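The values are calculated or read from the model by the stated rules, or taken from the named source; none is laboratory data. Model, not experiment: these values are computed from the prediction. Heads up, the Cβs are rebuilt from the backbone with ideal geometry, glycines too, and the neighbour counts pull from every protein chain shown.
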Amino acid sequence: MKLLMTALSLMMVSIPLLAFGSTQGEIGSGGERHASEKVRTAPDDLVGDELQAVEIFKRIQPTVVTVFVTQNFETPHGKSSLKGIGAGVLVAPACQVLTAAHVVEGADEILVKTADGQLRPAEVVFSQDRADIALLKLKVFDPDLPHAVLGDSDRLAVGQRTFVVGAPSGLENSFSIGHISGFREFDRLYDGSILVEHIQTDAAINSGNSGGPVFDSKGEVIGISSRILSHSGGFEGLGFVVAINTAKQLLAQEDHPWIGIEGLFLNSDGLAQILNQNLEGGLLVLSVAKGSPAELAGLKGGWLPAEFLDQDVLLGGDLIIEFNGQEACHSACLMEAGERMGLADIIPVTFLRGGVIHHATIDVSQHRRNLME
């Protein structure tokens, strides 16, 4: 649950959106409100964009949740705790919640508040910190809870409207509207072949929006709110959302099983600058998850913090030059290699370590599952 501020220039920082501290005091013990909420009825004369926005919010709001987290720690004066608030969205009949990884990082307790006002204990099923995607599951199944429809973030265009729901500064179910401003990739590859895509939007996103869903005009989830770029620390029209297709790839591990590596693709210029290698391209392994197939295969991540192309990296890890029979000539080559994995249980890799070529096989036979079923 740590806050990371990564300098992208001398003044602009990338800020995760988890809000810490006390919440708005509208929740009593057990999550019930102290007084009935006023019932509002939309005017009959709404038309056009206003009518569309009102109808979309009415349809999607029951699927949006608020995520309360508590992290306990020791101080010289005894035990203390830090509380945070974010958002999420119900995404499967099995009572699963999609949110941002930094919302639940280090949490000792997670409570999910659903649209009916109930606080429900939850646990982490999956979390990928660098991709900033986490999947939670409610500890008590409730078949009556609605869930959102997931869209296709590959079928989007700059200029389309975005609809954001979250809990900025603890103000739950806040609704904002904007547009898609662009699509950004930062050459980070997860599990060797999943390139994380971010949707840039000018919809208002602030602290507490972390993990909240972003919808398109059909009311389908197209992404999960992750962070903003800001000079002031507040929203300045530069919000970044992890594309829903990235989340699908990370969580649907049947055709693309979990391997457990995060890497940064380096082209020939990058390899020459930081590794003094004369290669067309390579995947620099930044980290390897403990107990993962990649760790069992002997792959190693970096250990030396550095900044390269405005990104925080860890140098010293293995450099993958061939993955699943495909030369790592470009990030697209690695993505194609991942798509060709099919039902293979063994993934061959070739990598450089200390200037020496090594070969390894990654056994993924025990890691084929769809986490969203």
Is one or more of the residues making up the stretch 251-258 more than 15 Å from PHE323 (Cα to Cα), modelled with pLDDT of 85 or more and surrounded by 17 or more Cβ atoms within 10 Å (Cβ to Cβ)? yes
Do we have any residue at all in the stretch 355-363 that's more than 30 Å from LEU98 (Cα to Cα) and not in a strand (DSSP E or B)? yes
Which of the residues belonging to the stretch 327-343 are aliphatic (A, V, I, L, M) and loosely packed, with under 14 Cβ neighbours inside 10 Å? ALA332, LEU343
Pairs needed: first member in the stretch 310-335, under 15 Å from ILE347 (Cβ atoms); second member anywhere, part of a loop (DSSP other than H, G, I, E, B) and small (Gly, Ala, Ser); C-beta distance under 6 Å; at least 6 residues apart or different chains. ILE320/ALA328; ILE321/ALA328; PHE323/GLY192; LEU334/SER193; LEU334/ALA328; MET335/SER193
Since LEU279 meets every condition but one in (1) surrounded by 14 or more Cβ atoms within 10 Å (Cβ to Cβ); (2) touching a helix residue (DSSP H, G or I) at 6+ places or on another chain (Cβ under 9 Å); (3) outside any loop (DSSP other than H, G, I, E, B), which condition does it not meet? (3)
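Yes/no per residue for (1) farther than 16 Å from GLY170 by Cα; (2) not hydroxyl-bearing (Ser, Thr, Tyr):
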| position | (1), (2) |
| --- | --- |
| THR66 | no, no |
| VAL69 | no, yes |
| GLY78 | yes, yes |
| GLY86 | no, yes |
| VAL103 | no, yes |
| LEU111 | no, yes |
| THR114 | no, no |
| ALA122 | yes, yes |
| ARG130 | yes, yes |
Among the residues that make up the stretch 172-195, is at least one of them surrounded by fewer than 22 Cβ atoms within 10 Å (Cβ to Cβ), of a type in the set (A, V, I, L, M, F, W, C), in a loop (DSSP other than H, G, I, E, B) and not assigned by TED's automatic domain parsing to the domain that holds ASN267? no
Conditions: (1) free of Cβ contacts under 8 Å to residues at least 40 places away in the same chain; (2) outside any loop (DSSP other than H, G, I, E, B). GLY263 meets all but one. Number of the miss? (1)
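Tally the residues that are within 19 Å of GLY182 (Cα to Cα), part of a loop (DSSP other than H, G, I, E, B) and modelled with pLDDT of 90 or more, restricting the search to the stretch 217-250.
2
Scanning for something assigned to a strand (DSSP E or B), at pLDDT below 85 and of a type outside the set (D, E, K, R), does the stretch 198-216 turn up at least one residue?
no
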Could we say that ALA107 is at pLDDT 90 or above, outside the structural domain of GLU172 (by TED's automatic domain parsing) and either β-branched (Val, Ile, Thr) or part of a loop (DSSP other than H, G, I, E, B) (or both) here? no
For the stretch 119-135, give me each residue that is farther than 16 Å from VAL89 by Cβ and outside any strand (DSSP E or B). ASP129, ARG130, ALA131
Which of the residues spanning the stretch 315-350 are in a loop (DSSP other than H, G, I, E, B) and of a type in the set (A, V, I, L, M, F, W, C)? ALA328, CYS329, MET341, LEU343, ALA344
Going through the stretch 314-333 one residue at a time, which ones are out of contact with any Leu (no Cβ under 6 Å at 6 or more places or on another chain) and at pLDDT below 90? ASN324, GLY325, GLN326, GLU327, CYS329, HIS330, ALA332, CYS333
The number of residues in the stretch 287-314 that are buried (at least 16 other Cβ atoms within 10 Å of the Cβ) and assigned to a strand (DSSP E or B) is 4
When restricted to GLN118, GLN61, GLN96, the only residue in contact with a helix residue (DSSP H, G or I) (Cβ under 6 Å, 6 or more places away or on another chain), among the polar types (S, T, N, Q) and either surrounded by 21 or more Cβ atoms within 10 Å (Cβ to Cβ) or at pLDDT 95 or above (or both) is GLN118
